[in-house]
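One structure is given here, and the rest of the page talks about it.
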Amino acid sequence: MDTETAAVDLGLFDRAESALADRGPLGAVDALIADLMAAENYQAVFYAKLMRKRVELGVSPFPTGPSSELPDASHEVYESAIRDAGRAVGALYLEKRDFNKAWGFYRMLGEQERMFAALDAYEPAPDDDTYGIVEIAWQHGVHPQKGFDILLGRSGVCSAITMVSSANLAANPDLREYCIKKLVRALHEQLKERLRGELEARDVKPPTEATIAEMMTSSPDLFGDDMYHIDVSHLSSVVQLAAHLPKCDELDLAIELCEYGQHLSPNLRGDMPAPFDEGYPDYAKYLDIFAGRNVESNLGHFRAKIAIAADGGDTFPAEVFVNLLLRLQRLPEALAVAKQYLGDPDLRDLSCPTVTELARRAGDFATMAEVAKTAADPVNYLAGLIAQRR
């Protein structure tokens, strides 16, 4: 049962009947609204406000009655009354920090600006149940950054990784970048604290500003006996997510995480598919490219893996390399690699753009015609020839 319904004062019914006898329908509704406001029964306030408007219009007082009962000229007036009542009651719930009930009204109205502002200013108290708030902010898209921050702060890195990994954020790269940066920082800070605690337990006092690399060299057996200091699955997931980052401070922190990963025992590093089959050293080189360090030599490192994998029927390293070149705005090179390794018309569900798409972007209509011919597509073959002539 709704707690607001359960809390209704039974004397309210007698007062409503007396108000109707003394003050008439509108006066009785006003008295009822005042009673409901005092009881903070805002759900009922909403319907009482609608009833008041229906009484004003001279139609059935039932607030959930069909719109067909209203004269045509009153439809717009009544719709406006619904919006006004919804905003008023939504605001009352926000004042009580009852975000779930407030969202019910703002969602009905299709107005989430007030909800966004309220969530933006919200800081959870220790005893707050934030599950519903995260759902509104993240799942309903009202303020996904806030929803992510609340979950990360309350439930930790594991839940936050699951949230990001299970969502399709490719269409929202800004949100994806925001979340990954927060994850990198959270895990990096956690690792620094754990390493410092381990070293201090060994009577080693690293400087306050010591980096992870510096702390790792402070004790020779820091990784002995398969020792690790943060969840290795979290480390692997965050490093892989960091591959989406542009050049930024968090990218450098992710590279430090890769350095740590390289010191783990081999059986703790996990198995990764080519072109990241060497694990953390590969990811360190990949991230270095976007940090602007040793770009050409690191590109050569990944280019060398393509042919080896292709001989075994694995095109994923070529797909990774094409996407890598596109992020570096090296479209002609990306097209050349795709033509060489991804031109088979039977290839489906590539993780990078197809040869045809790359050729279209490059304005290379001869290649588009060539690919169409290989795919036995005479229509696009001729279209390519015509576009090339023009």
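Based only on other Cβ atoms within 10 Å, what is the fewest-to-most ordering of 37, 51?
37, 51
How would region 1-111 be classified by its alpha-carbon gyration tensor: rounded, prolate or oblate, with rounded meaning a/c under 1.5 and the a/b versus b/c comparison settling the rest?
Verdict is oblate for region 1-111.
What distance in nm lies between label points placed 7 Å from Cα along the C-beta direction at residue 95 and residue 209?
That separation, rounded to one decimal, is 5.0 nm.
Quick check: pseudo-label points 7 Å beyond the Cα along Cα→Cβ at residue 167 and residue 18, how many nm apart are they?
My value for the distance between the label points is 5.4 nm.
Which three numbers, in whole Å and largest first, are the semi-axes of the equivalent ellipsoid of region 60-214 derived from its Cα gyration tensor as √(5λ)?
Sorted largest first and rounded, they come to 48, 16, 11 Å.
Run the dipole for the chain about the Cα centre, Lys and Arg Cβ at +1, Asp and Glu Cβ at -1, nothing else charged, and hand back the magnitude in debye, nearest 20.
Working: 39 positive and 61 negative charges, 271 e Å.
Dipole about the Cα centre, nearest 20: 1300 debye.
Using R₀ = 30 Å, calculate the FRET efficiency as 1/(1 + (r/R₀)^6) where r is the Cβ-Cβ separation of residue 67 and residue 39; round to 0.05.
Values: r = 29 Å, r/R0 = 0.97.
About 0.55, to the nearest 0.05.
If you project the alpha carbons of the chain onto their three principal axes, what span does each projection cover, largest first, in Å?
Taking the Cα atoms of the chain, the three principal extents are 91, 76, 29 Å.
Using R₀ = 56 Å, calculate the FRET efficiency as 1/(1 + (r/R₀)^6) where r is the Cβ-Cβ separation of residue 386 and residue 310; round to 0.05. Numbers along the way, then the final one.
On the way: r = 33 Å, r/R0 = 0.59.
So the FRET efficiency works out to roughly 0.95.
Give me a comma-separated list of calculated 3J(HN,Hα) values for region 255-262, in order, Karplus coefficients 6.51, -1.76, 1.60 applied at θ = phi - 60°, integers in Hz, x for any Gly or Pro.
5, 5, 4, 4, 4, 4, x, 5
Calculate the length of the line joining the C-alpha centroid of region 325-390 to that of region 281-308, in whole Å.
The two parts, judged by their Cα centres, are 25 Å apart.
For the cross-link pairs 181/339; 96/146; 182/305; 53/101, which exceed 28 Å when the distance is taken from alpha carbon to alpha carbon?
Violating the 28 Å limit, Cα to Cα: 181/339; 182/305.
Between region 59-127 and region 148-209, what is the C-alpha centre distance in whole Å?
37
Expressed in nm to one decimal, what extension gain is obtained for the pair residue 177 and residue 295 from 0.36 nm per residue of sequence separation less their Cα-Cα distance?
Details: separation 118, 0.36 × 118 = 42.48 nm, distance 2.18 nm.
Roughly 40.3 nm would be gained on extension.
Excluding residues fewer than 8 places away in the same chain, name every one of the lysines whose C-alpha is closer than 16 Å to that of residue 205.
192
If you add up the charges near residue 317, with Lys and Arg at +1 and Asp and Glu at -1, over every other residue whose beta carbon is less than 14 angstrom from its beta carbon, what do you get? Let's see the in-between values first.
Working: positive: 285, 303, 305; negative: 277, 278, 282, 311, 314, 319.
In short, -3.
Jot down the per residue volume, in cubic angstrom and as a whole number, of the convex hull over the alpha-carbon atoms of region 76-159. Don't jump to the answer; show the numbers that get you there.
Values: hull volume 6.5 nm³, N = 84.
With only Cα atoms used, region 76-159 gives 78 Å³ per residue.
Label-point separation (nm) for residue 328 and residue 232, each offset 7 Å from Cα along Cα-to-Cβ?
Going by the 7 Å Cα→Cβ label model, 3.1 nm.
Would you tally the net charge around residue 362, using a Cβ to Cβ cut-off of less than 15 Å, leaving residue 362 out, and scoring K and R as +1, D and E as -1?
0
Please find, in a Gaussian network model of the chain (springs between Cα atoms separated by less than 10 Å), the residue of 267, 298, 168 whose mean-square fluctuation is greatest.
Between 267, 298, 168, it is 267 that shows the largest mean-square fluctuation.
Can you sort 364, 129 from fewest to most other Cβ atoms within 10 Å of each residue's own Cβ?
129, 364
If you add up the charges near residue 132, with Lys and Arg at +1 and Asp and Glu at -1, over every other residue whose beta carbon is less than 11 angstrom from its beta carbon, what do you get?
The answer is -3.
None of the figures in this text is laboratory data; all of them are computed from the coordinates on show. The structure displayed is predicted, hence computed values, not measured ones. Neighbour counts run over all protein chains shown; Cβ positions are idealised from the backbone, glycine included.
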